[in-house]
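Asks: I have a structure here, written as structure tokens, and I will follow up with some questions on it.
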Amino acid sequence: MADAVLAGDGLDAIAVLTAEATGGTVAIVLPAVGAAVAGAGGERRLGAVRRFVAARLAGQPGALPEGYVADASVGRDGEKVGAVVLLDEGRPPAAGAQAVLRLAAVAALTLAALGDATADGPRAAGALLEELRRAPLEPDTLVARARRLGVDLIGGAVALRVAARSAHGVRAAATVHDVAPGGLVLRRGDQVDALLAGDRDGAEERARAVAERLSSHAAVGFSAHEPAAGRLHAALREADVALALVRAGEASPADAAAGAWQLLVRLAVADPAAVRRLCATSVGPALAHDADHGSDLVGTFRTYLAHGANMNAAAAAIPSHRHTVAYRLDRLRELTGLHPGSADDRERLGLGIKARLVLDALARAR
């Protein structure tokens, strides 16, 4: 939680994380810094919480806001500067809610102590990520600049990109900070970019954890682990392409960063012409036939492939007659010279289809 504060999302991030952990609505009021609220009906009740906290700071009891459950004072050495307040969402709070409120109060106190200085680190991290997006940086320079921000890129990193649903950008950034502290994170509206520093196993595990936690309100794409600082510029681009694949429903976040998908994404970023050749020399003629004649040879083959090369299952799934499926597959063989009944040829055709989808994703990616 403190990592989210230091990374610049401040009270909003603390409120979101605390609401998730307690299962209630959370309002944080620090008169000298600001206020934040997360959870159902929070904005409506924020005024009452402000009055309650102001009264507490003035040494008065104050009227409890609607749905009040508990609170934790923000302060130290007897000096109170605000409070974290838990409100009921119509169900009992999670076990250990009071301990979570105290943790949130510590994080909020850190923000109050840092004051305006909290913006320096995020601005520098954002500037570094934006600069790295535009062009590769000299590896030693990149590592040194990241180290000054408290980020160790010596072991490499996974690049990650998040497209959150409207108004969920703060929650997405807070989740990235919470799951993967010690990385570079930049939030712009509902978009989040990050470099998750660390060795392969650790960084990739954290990327998968971010994708899982955000699955209900964001799409996430990430690159495979990149050990070389000189290639992190390309890794950011690979995360963009992976996100485009995820948003199109072609691959899960984990699948897009592994196996054939990952190899094709990396090749497309480095040498798109090579991926175009791979597509053209496999499934390309069938794709051109579909485009010119309005047929669905490639779609039929994908269904056939998805059903374990079982023609009856493919016919039922389309739905179509088995003889129609057989005709389309035979026509695909005539056009490509690759036989859908051959395991090796199926693999080559499938790789060509993935190549086409990756090229489409590359065109859509930022």
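Asks: Can you name the residue in the range 94-103 that is touching a strand residue (DSSP E or B) at 6+ places or on another chain (Cβ under 7 Å) and open to solvent by less than 50 Å² (accessible area, probe 1.4 Å) and is also farthest from Gly23 (Cα to Cα) among such residues? Break it down stepwise before answering.
Replies: From the range 94-103, those touching a strand residue (DSSP E or B) at 6+ places or on another chain (Cβ under 7 Å) are 97-98, 101-102; that's our starting set.
So of that shortlist, the ones also open to solvent by less than 50 Å² (accessible area, probe 1.4 Å) come out as 97, 101.
On the way: Ala97: 8, Leu101: 12 Å.
For the range 94-103, the residue satisfying everything is Leu101.
Asks: Which residues, counting only those in the range 195-210, are over 20 Å from Arg266 (Cα atoms) and hydrophobic (A, V, I, L, M, F, W, C)?
Replies: Residues satisfying the conditions are Ala209, Val210.
Asks: Mind checking which residues of the range 266-324 are of a type in the set (D, E, K, R), open to solvent by 50 Å² or more (accessible area, probe 1.4 Å) and in a helix (DSSP H, G or I)?
Replies: If the condition is that a residue be of a type in the set (D, E, K, R), open to solvent by 50 Å² or more (accessible area, probe 1.4 Å) and in a helix (DSSP H, G or I), then Arg266, Arg276, Arg277, Asp292, Arg302, Arg322 are the ones that fit.
Asks: If only one of Pro65, Pro93 is touching a residue at least 60 places away in the same chain (Cβ under 8 Å) and not basic (Lys, Arg), which one is it?
Replies: Pro93
Asks: If you don't mind, another one. Can you give me the number of residues within the range 347-360 that are open to solvent by less than 50 Å² (accessible area, probe 1.4 Å) and under 17 Å from Asp296 (Cα atoms)?
Replies: 5
Asks: Only helices (runs of 4 or more DSSP H) wholly contained in the range 171-262 count here; list those with 3 or more residues that are open to solvent by 10 Å² or more (accessible area, probe 1.4 Å) and acidic (Asp, Glu).
Replies: Output list reads 200-213.
The values are calculated or read from the model by the stated rules, or taken from the named source; none is laboratory data. These numbers come from a predicted model, not from an experiment. Methodologically, a virtual Cβ is constructed for each residue, glycine included, from the backbone with ideal geometry; neighbour enumeration extends over all protein chains shown. The protein model used for the area step is the full one, side chains on, heavy atoms only, and it has no ligands, DNA or RNA in it. Shrake-Rupley method; radii C 1.70, N 1.55, O 1.52, S 1.80 Å.
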